[in-house]
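The values are calculated or read from the model by the stated rules, or taken from the named source; none is laboratory data. Just so it is clear, the structure is predicted and the values come from calculations on it, not from any experiment. Positions of Cβ are generated from backbone atoms using ideal geometry, with glycine treated the same way; all protein chains shown enter the neighbour counts.
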Amino acid sequence: MENRGVNFYVEAGKRAMGWHKEYLKEIRNCRFDTIAVHGIYSMQEALDFNQGSLIEPVYLSTSQAYRDSDEMEAALGYMIPTWCYSRIANPSMYYYEGVLALLEGYGSGTETSCLGTASGMAAIQSAVDPFLVVDPKRPGAKMNFVATCQVYGGTFQQFAMRKEKERNIEWRKVLHSNDLSEWEKLIDENTRFLYGEMPSNPALAFFDLKKVIELAHKYNLPIIIDSTVATPALLRPIEYGADIVVQSVTKSLATSGTSVCGAVISRKNIVSSIDNDEMKADFCTYLKLLPNRDNGPNISPMSAMFAMNDIRTIRSRMDMVSCSTQKVAEFLENHPKIEKVDYLGLPSNDLHALASEYMFLVDSEHDARYGKKVNRYGHLMSFRVKGGAKPTRDVFDAFQRIYRATDLGRIKSVATIPAISTHSQQGEEGRKLAQIPDNLIRLCVGGEHPDDIIKDLEQALDSLNRKRIFKGSPEYSAAGASSAKLQ
């Protein structure tokens, strides 16, 4: 075989990247729904390389073969685009990362990149760890990060146990996330980043994103936002200047519940006081080619493709489930057995006005049904049952249509009691900080008709009026005898 030389492949790679750059420019000019449907998979690619397949193929191969030693050298030296090994890159992963980068960057006017991960927790770890390195200028200083305490239970554990307890990295907790002065007083010369979850799971905490971003950049710090509950269909933090977004794609983006996956999405040229120009220039590509290459928390091809098929309809789906949740929340707010309802769409919520400044159905002004920007608040809500933990469990156990599971974002409605499930490990004091009482039920409304979800909630709440019959009791035996007679 003729020796082509490394430069032959480098030049070919440049031509391919140039064509791809032009295609990205074209697809960025499309509407959100078009990007969600097509992503970065072009018709030319389908016809030239994938037998005309309309949908992106699943590439299950662990690695890529090369034409000769020159191509291998160019690929493994990161001189040309390559799928060298699926722990680092894979075509299916590439399609997944491409569409999420475009959706999170939609409307921002800035270039974005994405790293696919095996879970939402892997995304959080991937996003924060590059900033938690020893500063050679201050080798003995104890580093810290500032983050809201109203976060998902797994995030709380990662910060409190894996970072603070095991690595002695201080987590400075923001108790009232909408108090800008509280954020600022926790920042010092050893702070590495700011982190917030909005809306938070399950208490629906919210803060003035633009002001917190300005604060972070004032101190030359990056801000990382977990936007899992909103999805890019309702909120895109990068549009407001956020540096990095993390998504547990497992949840609302991948609504079918067939895959566990996450993503880190970043703008180019993030803000950071850390002396690492390569990391700041393209954070997600840096993660992919260096830290995550070595640590290996990346997404599998099959999970990527399962998630992509759900992502295609994210805008219309979030519109539908948001409207359903609004109706359910209004029903519960007026129910005599409910102490409080946490949902940002309710005018009675203290954060409703603030959330209304940020949470909009993307492209609703271009939708023939609306013709203007319309607020949508997502499909996660919580409600508190009067009387404490016991009646809360009774209501929870009486659900017949709503699934009892530690999950959210499903096309089927799902509920849990966070105090005994998703947030149990953080302890009573931690739950108190995060405002998660033992009478709180988290409900994620799915694609069912809202009237049927309301009926299930109504009968479950009515069960508090009925005497429960336990096995072994005289009533249980009598009920069994009556049933036998009917048969």
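Name the residues in the stretch 336-358 that are part of a loop (DSSP other than H, G, I, E, B) and surrounded by fewer than 16 Cβ atoms within 10 Å (Cβ to Cβ), would you? Even if it seems obvious, please write down each step before you answer.
Filtering the stretch 336-358 down to residues part of a loop (DSSP other than H, G, I, E, B) leaves 336-337, 343-351, 357-358.
The answer is Pro336, Pro347, Ser348, Asp350, Glu357.
Only one residue in Asp319, Asp294 is within 23 Å of Gly447 (Cα to Cα) and among the charged types (D, E, K, R). Which one?
Answer to the selection: Asp319.
When Ser364 is evaluated against the numbered criteria (1) at pLDDT below 95; (2) more than 19 Å from the chain's Cα centre (by Cα), which criterion, by number, is the only one it fails?
Unmet for Ser364, out of (1) at pLDDT below 95; (2) more than 19 Å from the chain's Cα centre (by Cα): (1).
Looking only at the stretch 172-191, filter to residues that are under 22 Å from the mean Cα position of the chain (by Cα) and part of a loop (DSSP other than H, G, I, E, B); which one of those is nearest to Phe156 (Cα to Cα)?
That would be Leu175.
Here's the yes/no breakdown for (1) under 18 Å from Ile244 (Cα atoms); (2) buried (at least 17 other Cβ atoms within 10 Å of the Cβ); (3) in contact (Cβ under 8 Å) with a residue 40 or more places away in the chain:
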residue	(1), (2), (3)
Lys280	yes, yes, no
Phe283	yes, yes, yes
Pro301	no, yes, yes
Ser322	no, yes, yes
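Grab the helices (runs of 4 or more DSSP H) fully contained in the stretch 47-161, keeping just those with 1 or more residues being closer than 26 Å to Leu180 by Cα, of a type outside the set (Val, Ile, Thr) and touching a Cys at 6+ places or on another chain (Cβ under 8 Å).
By residue number, 91-105, 153-157.
Restricting to the stretch 259-275, and then to whatever is within 14 Å of the chain's Cα centre (by Cα) and at pLDDT 95 or above, can you tell me which residue is farthest from Glu104 (Cα to Cα)?
Val260
Among the residues of the stretch 299-307, is any in a loop (DSSP other than H, G, I, E, B), within 29 Å of Val174 (Cα to Cα) and either of a type in the set (S, T, N, Q) or touching a strand residue (DSSP E or B) at 6+ places or on another chain (Cβ under 8 Å) (or both)?
Within the stretch 299-307, not a single residue is in a loop (DSSP other than H, G, I, E, B), within 29 Å of Val174 (Cα to Cα) and either of a type in the set (S, T, N, Q) or touching a strand residue (DSSP E or B) at 6+ places or on another chain (Cβ under 8 Å) (or both).
If we keep just the residues of the stretch 149-170 that are farther than 17 Å from Tyr219 by Cβ and touching a Phe, Trp or Tyr at 6+ places or on another chain (Cβ under 8 Å), which is surrounded by the fewest Cβ atoms within 10 Å (Cβ to Cβ)?
Within the stretch 149-170, the subset farther than 17 Å from Tyr219 by Cβ is 149-169.
Okay, now just the ones that are also touching a Phe, Trp or Tyr at 6+ places or on another chain (Cβ under 8 Å), so 149, 151, 159-160, 163-164, 169.
Values: Cys149: 24, Val151: 27, Phe159: 22, Ala160: 18, Lys163: 22, Glu164: 16, Ile169: 18.
Per the stated criteria, the residue is Glu164.
Could you tell me whether any residue of the stretch 187-200 is out of contact with any Ser or Thr (no Cβ under 6 Å at 6 or more places or on another chain), farther than 29 Å from Phe383 by Cα, among the β-branched types (Val, Ile, Thr) and surrounded by fewer than 21 Cβ atoms within 10 Å (Cβ to Cβ)?
Looking for residues that are out of contact with any Ser or Thr (no Cβ under 6 Å at 6 or more places or on another chain), farther than 29 Å from Phe383 by Cα, among the β-branched types (Val, Ile, Thr) and surrounded by fewer than 21 Cβ atoms within 10 Å (Cβ to Cβ), one finds at least one in the stretch 187-200, hence yes.
Looking only at residues in the stretch 35-55 that are small (Gly, Ala, Ser) and under 31 Å from the mean Cα position of the chain (by Cα), which one is surrounded by the fewest Cβ atoms within 10 Å (Cβ to Cβ)? Can you show your working first?
So the first thing to find is which residues in the stretch 35-55 are small (Gly, Ala, Ser), and the list is 36, 39, 42, 46, 52-53.
Within this subset, residues satisfying the condition of being under 31 Å from the mean Cα position of the chain (by Cα) are 36, 39, 42, 46, 53.
Values: Ala36: 26, Gly39: 23, Ser42: 16, Ala46: 16, Ser53: 12.
It comes out as Ser53.
Of all the residues that make up the stretch 90-124, how many are crowded, with 21+ Cβ neighbours inside 10 Å and either of a type in the set (Gly, Ala, Ser) or under 16 Å from Ile314 (Cα atoms) (or both)?
Looking only at that region, the number is 17.
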